[in-house]
Amino acid sequence: MPEFKQPTTEQDLELAFEQLKPYMNPTMAYYESSRCLFCYDAPCVTACPTGIDIPLFIRQINTGNVDGAAKTIYDSNYFGNICGKVCPTEVLCEGACVYNHQDVKPIEIGRLQSYATSQVIEKEKRLYHPAPPNGKKVAVIGAGPAGISCACELRLMGYEVTIFEAKKHPSGLAIYGCAPYKVTNEDVLDEIVWLQEQFGFEILYNHPIHSAEQIKSLEAYFDAIFLGIGLGATRPMSIPGENLENCYGATEYIEQVKISPLKVRVGKKVVVIGGGNTAMDAASESARLGAEEVTLAYRRSKEEMGAYEFEYELAKGVGVKGIFNAVPTAILGNGQVEGVRFIKTNSENGRVITVPGSEFELPCDAVILATGQEKKTGFLSLIEGLEWNKDGSIKVNVETFQTTNPKYFAGGDAVNGGAEVVNAAAEGKMAARGINSIMA
Ligand SMILES: Cc1cc2nc3c(=O)[nH]c(=O)nc-3n(C[C@H](O)[C@H](O)[C@H](O)COP(=O)(O)OP(=O)(O)OC[C@H]3O[C@@H](n4cnc5c(N)ncnc54)[C@H](O)[C@@H]3O)c2cc1C
Ligand code: SF4
């Protein structure tokens, strides 16, 4: 089991967050691309939410046409480099590779994808030219993967696009959420700069849209509005002690790790509550930042966790321990977190039943709640006629991504309830086509 000390320098950070999928060199890419069987009706293509022509780009790499490979990738997915690094390829393209049936390691599709796309980014290669202006203007709210993908596709069709972004960096959770050992902030920002140079959309940073007046003025100026607003803050558990110092929401904690990793206060004994991928990330990141003991606590059984198996394996690999069938009833402490009180549970017909008299306490000095993200229904209620589902996800037409207010389109986490970067990229692009189908 690797041991990490609290990083105090950039070099320490590089070690702690060593890339899981480092860039290939040309020899590695040539060798790996030679292994592809170029299947007819390739299952990897069907498994990719953006439908990249994977056999084609791998053949292009293999024949030395790296720019062509990058073009094949970007024609389907504007987040080509980022997705190559952060996609859960084990359950998507690589999970579908026919080699898996023969006990042979699948082709490293994600790394080949990043190999090709990073090269055109690095040499600032121009692959796209926007169409001449068509006289129509679209506002995009949110510069996450959904919003930026929508903007790229619209620019390709000649729309003028302005993105309004609340934060000071683009790419949403790609930069503020995705684990630092999957992708570096530099790689994320480089891809967005390259996209902006290719497509010429405008991003207004530190520009949250939060009032009915702002919405009215956008509606008056723009022909259509795309909502790529993602999800909200960590959902509270409503148990005593949640407001103690050193009790953090996972998305807020991870945002700190991503933006100021050397300033994050990491506990010595950390308890992470939750069983999804965000819980695994929060636990892994705490361990890599030098926590001595990290315990993941989930209210159901290990088998019922929502996290991908490989994410749990990653966390275990850096020393994270799991306790299952235990639900917290209180965060303990006086000003600062001192522990968590749990009660044991059983799962019966999908329901969590607590076991009377089974309470126990786990001492710790930090708690991270990975209990899911809230939906932004408060914001949505400012838009006339816009409807959302019971779970707070925006209602859309599944083909055009048009909402119940015909001027608005939406995609990404705000619509799918929280998925992956690749899904947001796919939906943003489809929504741009939806906008065009209504306007043309
Ligand atoms: C901790 C964590 C780790 C993750 N790890 C991975 C991973 O490894 N791989 C993977 O594929 N996916 C991962 N995901 C999921 C992935 O990041 C999201 O599915 C994806 O970013 C969603 O894109 P989006 O554009 O819909 O929303 P977001 O990425 O959330 O972007 C929304 C943007 O809109 C802005 N915004 C919101 N409201 C307003 C407003 N009113 N005005 C102006 N701007 C606004 C926000 O500031 C943000 O920039 C992770 C998510 C989390 C939380
Ligand atoms: S975008 Fe993601 S799922 Fe699609 S081929 Fe690339 S790495 Fe695989």
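Based on C-alpha pairs under 8 angstrom that are at least 6 apart in sequence, region 20-122 has a relative contact order of 35 percent. Just checking the listed ones, Ala233, Ala282, Ala70: in the Gaussian network model of the chain with Cα springs under 10 Å, the one fluctuating most is Ala233. Element breakdown for the chain at a 1.4 angstrom probe: carbon and sulfur atoms account for 51% of the accessible area.
Considering only Tyr115, Tyr23, Tyr221, give the residue with the highest GNM mean-square fluctuation for the chain, with springs between Cα atoms whenever their separation is below 10 Å. Taking springs between Cα atoms under 10 Å, the residue moving most is Tyr221. The rule of thumb for compact globular proteins, 2.2 N^0.38 Å, goes into the C-alpha radius of gyration of region 111-200 1.13 times. Positive-end ranking of Ala174, Ile148, Leu380 along the dipole of the chain, with charges on Cβ about the Cα centre, is headed by Leu380. Average projected area of the Cα convex hull of region 343-426, in nm²? Mean projected area for region 343-426: 9.3 nm², to one decimal. When only Cα pairs below 8 angstrom with a gap of at least 6 residues are kept, the chain shows a relative contact order of 17 percent. Using the Cβ of Lys85 as centre and a radius below 9 Å, the other residues enclosed give a net charge of +2, where K and R count +1 and D and E count -1. Between 0 and 90 degrees, the angle of helix 185-199 with respect to the longest Cα principal axis of the chain falls at about 20 degrees. In the frame of its principal axes, region 1-67 has Cα extents of 50, 26, 24 Å, reported largest first.
Annotation: the antiparallel percentage among DSSP beta bridges lying fully within region 247-369 is about 50.
Electrostatic tally near Ile107: other residues with Cβ closer than 10 Å to its Cβ, Lys and Arg +1, Asp and Glu -1, net 0. Heavy-atom accessible surface of region 255-295, averaged per residue, reaches 35 Å², computed with a 1.4 Å probe.
When the Gaussian network model of the chain links Cα atoms closer than 10 Å, the mean-square fluctuations of Val398, Val318, Val183 top out at Val398. Spherically averaged projected area of the convex hull of Cα atoms, region 247-369: 7.4 nm².
Under 5 Å from the amide H of Val294 lie the amide H atoms of Val270, Lys321, each residue being 5 or more positions distant or on a separate chain, with H modelled from the backbone and absent for Pro and chain starts.
How large is the charge dipole for the chain, taken about the Cα centre, if only the Cβ atoms of Lys, Arg (+1) and Asp, Glu (-1) carry charge, to the nearest 20 debye? The partial results should precede the final answer.
Details: 40 positive and 54 negative charges, 77 e Å.
The dipole of the chain has a size of about 360 debye.
If I model the chain as equal point scatterers sitting on the Cα atoms and use the Debye formula, what is log10 I(q)/I(0) at q = 0.06, 0.10, 0.12 Å⁻¹? Log10 I(q)/I(0), no solvent term: -0.27, -0.76, -1.07.
Here is the link list: Lys182/Lys321; Lys5/Lys105; Lys136/Lys258; Lys182/Lys216; Lys168/Lys429; Lys71/Lys376. Which ones come out longer than 28 Å on Cα distance? Flagged as over cut-off: Lys5/Lys105; Lys136/Lys258; Lys182/Lys216; Lys71/Lys376. The Cα-based radius of gyration and maximum Cα-Cα distance (Dmax) for region 20-122 are 12.0, 37 Å. Sequence-ordered 3J(HN,Hα) estimates for region 228-245 from the Karplus curve with 6.51, -1.76 and 1.60 and θ = phi - 60° stand at x, 8, x, 10, x, 6, 4, 6, x, 8, 6, 10, x, x, 5, 8, 5, 5 Hz, glycine and proline given as x.
The values are calculated or read from the model by the stated rules, or taken from the named source; none is laboratory data. Everything quoted here is computed from the prediction, not taken from an experiment. Positions of Cβ are backbone-derived with ideal geometry, glycine not excepted, and every protein chain shown enters the neighbour counts. Note: areas computed on protein heavy atoms with side chains; ligands, DNA, RNA excluded. Shrake-Rupley method; radii C 1.70, N 1.55, O 1.52, S 1.80 Å.
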